Amino acid sequence: MSRSTWHIRTASVVLAWLAAAGITAALHRQLPAATWLMVHLLLLGAVTAALLVWSWHFSVAVLRAPPAPSRRGEAVRIITANIGALGVVIGVVSGASAITVLGALAVAAAVVAHVGALLSRLRRALPSRFAVTVRAYIGAGLLLVPGIALGVLMARGSWDATTYSRLLLGHVTVNLLGWVVLPILGTLVTLWPTMLHTRLAPDAERKARQALPLLIGGTLVTTTGVLTGLDLLAAAGVAGYLIGIGLSVGPMVTEMRQRPPAAFASWSALAGVAWLSGTLIAFGVVLATGAGSGLSPIAGPLIAAALVGGVLQVLLGSLSYLVPVMVGGGPAAMRRRNARVNRAMAPRLVILNAALAICVLPSPSAVRVLASTLMLTAVGWTVLLIADSLRKSPVAATTTTADSAAPKPPVHHGGGAVVALAVVLLAIVGGVAYDPAAVGAGTVSAAPASAGVTATGKATEVTVTIEGMRFTPDRIQVPAGNTLTVTVVNGGDDVHDLVLETGQRTPRLSPGQAATIDVGVIGRSLAGWCSVAGHRQMGMVLSIEAIGGSGAAVAAGAAASAGRDGHEADDGGEPVGVDGIDLMAGPGPGTAIRDPRLPPAPATRVHRVRLVVTEVEAEVAPGVRQTRWTFGGTAPGPVLRGKVGDTFIITLVNDGSIGHSIDFHAGALAPDGPMRTIAPGEDLEYRFTATRAGIWMYHCSTMPMSMHIANGMFGAVVIDPPGLAPVDEEFVLVQSESYLGPQGGTADADSIAAGQHDLVSFNGYPMQYDHEPLQATVGARVRIWVLAAGPNVGSAFHVVGGQFDTVYREGAYELTPGTGGSQVLGLSPAQGGFVELVLPEAGTYPFVSHVMSDAEKGAHGLLHVSRAD
């Protein structure tokens, strides 16, 4: 096999891994464990394949060793590593831990063999200035082994949340700093000046030798620190690593001064090094300031910055340079391939880096979604151009040596960069237009604050801090005629804002953010509140009092704020009345009946689930549409099922417009970290082991919790009791009540607080099973799991015409066959259980909550029993 054919095939493997990662990113809402999958397709797949290929190539080059007579050993290592990486991905996605472990061992074996081959070549080579590059490859390979070991521990063990988080952070740290960044820096010693077509800096080799022990030692110390929870030790390791980066980058700066970057490859690599350095600095600051325990909220942005901004850009830059060189075909053909990979380089670079900056910095959710789409487009565009450069195009007959050597006029990329920046700005504008409240747009009309008072020329400045569900101070007294400036600082853990009755408002503030309102001259009293749904009802109100103003002016202010019941500001209209709702009419077009059948528990013992928080407008009763906050697009959210001892790894992604969280009753763990509220655009991993059986509720635990649950953020986890016998039919019903807000709006917070519900439903829609009954046959054993999700109302579950011979409630059997009968399963809010019964005659059996007013409000369905054929 020729050298060019070999490089075309190996580059194609790397591009295939990148394409798989891109497809996963595009379909992340539909795929379980999508974030995990994208990271491993990039690092374990594309980066590992590239490192095995190019580290061997550069080792041969810098050691000036003759090429091996056969590529058989190299091919075996690369094939083994790729099969192993594929096994890890398949094993984790399918929950087959044995496949995961075998795949990890295959990758480890391939890398260890690669290290052995490098050591053998290094020992046999003559002294070389740049043997330090080969030593960096050897060190990286050795550091991957503990990284793989930590990954296997996470896959095989049942760990508490704290231990798992430390293992995960250690796994990420040693793999990223050791296996990925270390060989990148080692390669750039010689690759960077080659990309720039300039001389090597005189001190490049010396600085590389000085940097290597700092990089390896920094990796080990940082990993040890994060595994043991010693933040200062980890910070010291990061500091050492940054010094190593500084030593490595110094010669690169010298070389760049000799000849600035002019191609996509060099600019992309430079941007990658900058992102990696910046991310590591931010990580070190978090650790050094003692905020390591609060790392989780920023872990996602840090990882995205390191992987996409750093690793991916260096990889794309390297491929953009190396592929055209290695494919061969002569100088003219190489120039044509370089021209392909440099097409529209400025727009691609600007879009990728600007969009990534938007994604990792605090920004509205809609803006972040559009930015991530642009970022994915830029990466996909680059991968396609690199793939296109693999084509061997014939040299044009008219090309001559003189032509090929003729200087080309400089290409100016300023116009493309401006266009790309305009596209990113349009994405920001579009996201803001989609969700104007996120940046403080939208007003509430009211009389001006001045109310005709004479200005004094004096100014009052007040700082209001948000803590929990309160403004502090919540009462501001201002001399009439003074101007008022209010600075709002969100010191809580949720998204909030401040809206004044004058229409002035802050944007939505994520935790730690601040904004200022210039209220103007104060001539009357004003009311203010947080406009996030339900927050005003929880007490997030603020009053501004004009001191010394006229009585008429103050009265006008009171009149302006009186009568504002929260519906206008929060929801945009009056609640829907129930009098005109015909529950017997059935769901409207496009509204599907939810399947109540419960599939058996899967065989896997590790369940990876991705729950995306979305805001969905849906029909909740005939003719009534509401905007629901959902887990996975439905209310209730998806039903999860497993067995005692199973581990659940939940990735919660907040694609909503306000903060949300999740609380799984099926797991016992400290709520501080996994149940924290995450801002729009963020995600978190919630891991628990099911140690007790039952049907358990999960729900959003962000305050006001009643509002979040009532608006759709709840679901069920079924954990089978040991030895649970199979039955003929098995169903699950999650009961909840509705507090109808305005048409198209969210639930009515005032009704929730007053406990005045409008509808009661099984599985999210009242009386839906009157129109599509549950099905069973005469003599069949039927099991019905029931969860009372509330938020305020329990259930008295009853099957009209049936008697239960089995009752299981809150983790214990209260009745078993042959010991008696039961007529109702009584459940308080958040309680659950199951009943079993055998129906002896064909017919239609209603099932209800025997709180009859609730049955009449929709807690009603039918079980149709037919004769067996």
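The values are calculated or read from the model by the stated rules, or taken from the named source; none is laboratory data. The structure presented is a predicted model; accordingly, all values stated were derived computationally and were not measured. Reconstructed Cβ throughout: ideal geometry from the backbone, glycine too, with neighbour counts over all protein chains shown. Just so you know, the surface numbers come from the protein's heavy atoms only, side chains and all, with ligands and any DNA or RNA stripped out. Shrake-Rupley method; radii C 1.70, N 1.55, O 1.52, S 1.80 Å.
With respect to residue 335, determine if the residue is under 16 Å from residue 267 (Cβ atoms) and either among the polar types (S, T, N, Q) or surrounded by fewer than 22 Cβ atoms within 10 Å (Cβ to Cβ) (or both).
Judged against the criteria, residue 335 is not a match.
Against the definition (farther than 21 Å from residue 187 by Cβ and within 28 Å of the chain's Cα centre (by Cα)), how does residue 107 come out, yes or no?
When the stated conditions are applied, residue 107 does not pass them.
Taking the condition of being buried (at least 24 other Cβ atoms within 10 Å of the Cβ) and among the acidic types (Asp, Glu), how many residues in region 747-790 meet it?
Adding up the residues that qualify gives 1.
With (1) assigned to a helix (DSSP H, G or I); (2) in contact (Cβ under 8 Å) with a residue 40 or more places away in the chain; (3) surrounded by fewer than 19 Cβ atoms within 10 Å (Cβ to Cβ) as the list, and residue 64 as the residue in question, which single condition is left unmet?
Among (1) assigned to a helix (DSSP H, G or I); (2) in contact (Cβ under 8 Å) with a residue 40 or more places away in the chain; (3) surrounded by fewer than 19 Cβ atoms within 10 Å (Cβ to Cβ), residue 64 violates only (1).
Name the residues in region 114-123 that are touching a residue at least 40 places away in the same chain (Cβ under 8 Å) and not charged (D, E, K, R), would you?
Within region 114-123, 114, 117, 118, 122 qualify.
Which residues, counting only those in region 244-294, are of a type in the set (Phe, Trp, Tyr) and open to solvent by 40 Å² or more (accessible area, probe 1.4 Å)?
Passing the criteria: 267, 275.
Check 727, 793 and return the single one that is part of a loop (DSSP other than H, G, I, E, B) and in contact with a His (Cβ under 7 Å, 6 or more places away or on another chain).
793
Just one of (1) open to solvent by less than 30 Å² (accessible area, probe 1.4 Å); (2) modelled with pLDDT of 80 or more trips up residue 6, so point out which.
(2)
Please state which of the following conditions residue 533 fails to meet, knowing it meets all the rest: (1) closer than 19 Å to residue 362 by Cα; (2) buried (at least 19 other Cβ atoms within 10 Å of the Cβ); (3) at pLDDT below 85.
Unmet for residue 533, out of (1) closer than 19 Å to residue 362 by Cα; (2) buried (at least 19 other Cβ atoms within 10 Å of the Cβ); (3) at pLDDT below 85: (1).
Residues being under 24 Å from residue 369 (Cα atoms) and surrounded by fewer than 22 Cβ atoms within 10 Å (Cβ to Cβ): count how many of those fall in region 685-729.
Total satisfying the criteria: 1.
Which one of these is of a type in the set (A, V, I, L, M, F, W, C), closer than 20 Å to residue 849 by Cβ, touching a strand residue (DSSP E or B) at 6+ places or on another chain (Cβ under 9 Å) and not in a loop (DSSP other than H, G, I, E, B): 734, 717?
Answer to the selection: 734.
Which count do you get for residues in region 450-501 that are open to solvent by less than 30 Å² (accessible area, probe 1.4 Å) and in a loop (DSSP other than H, G, I, E, B)?
Counting residues in region 450-501 that are open to solvent by less than 30 Å² (accessible area, probe 1.4 Å) and in a loop (DSSP other than H, G, I, E, B) gives 10.
For region 745-766, enumerate the residues that are in contact (Cβ under 8 Å) with a residue 24 or more places away in the chain and closer than 20 Å to residue 536 by Cα.
Answer for region 745-766, where residues must be in contact (Cβ under 8 Å) with a residue 24 or more places away in the chain and closer than 20 Å to residue 536 by Cα: 745, 746, 747, 748, 749, 750, 751, 752, 753, 755, 757.
For residue 801, only one of the following conditions fails: (1) of a type in the set (Gly, Ala, Ser); (2) assigned to a strand (DSSP E or B); (3) surrounded by fewer than 20 Cβ atoms within 10 Å (Cβ to Cβ). What is its number?
Condition not satisfied by residue 801: (2).
Is there any pair with a first residue in region 124-138 that is under 14 Å from residue 188 (Cβ atoms) and a second that is open to solvent by 100 Å² or more (accessible area, probe 1.4 Å) whose Cβ atoms are under 6 Å apart and which are 6 or more apart or on different chains, and what are they?
So the pair list comes out as 132/209.
Out of region 594-624, which residues are among the aliphatic types (A, V, I, L, M), open to solvent by less than 40 Å² (accessible area, probe 1.4 Å) and more than 18 Å from residue 687 (Cα to Cα)?
598, 601, 618, 620, 621, 624
Could you please let me know if residue 562 is under 30 Å from residue 456 (Cβ atoms) and at pLDDT below 85?
Yes; evaluated as a whole, the condition is true for this residue.
Quick one: residue 229 ticks every box in (1) over 30 Å from residue 154 (Cα atoms); (2) modelled with pLDDT under 90; (3) touching a Lys or Arg at 6+ places or on another chain (Cβ under 9 Å); (4) not hydroxyl-bearing (Ser, Thr, Tyr) bar one, so which box is it?
Condition not satisfied by residue 229: (1).
Can you work out which of the residues in region 639-659 that are modelled with pLDDT under 95 and assigned to a loop (DSSP other than H, G, I, E, B) is farthest from residue 697 (Cα to Cα)?
657
So residue 123 fits all but one of (1) open to solvent by less than 50 Å² (accessible area, probe 1.4 Å); (2) more than 32 Å from the chain's Cα centre (by Cα); what number is the exception?
Unmet condition: (1).
Could you count how many residues in region 351-378 are among the β-branched types (Val, Ile, Thr), surrounded by 23 or more Cβ atoms within 10 Å (Cβ to Cβ) and farther than 23 Å from residue 494 by Cα?
Matching residues across region 351-378 total 1.
Restricting attention to region 845-864, report how many residues are surrounded by fewer than 23 Cβ atoms within 10 Å (Cβ to Cβ) and under 16 Å from residue 781 (Cα atoms).
2
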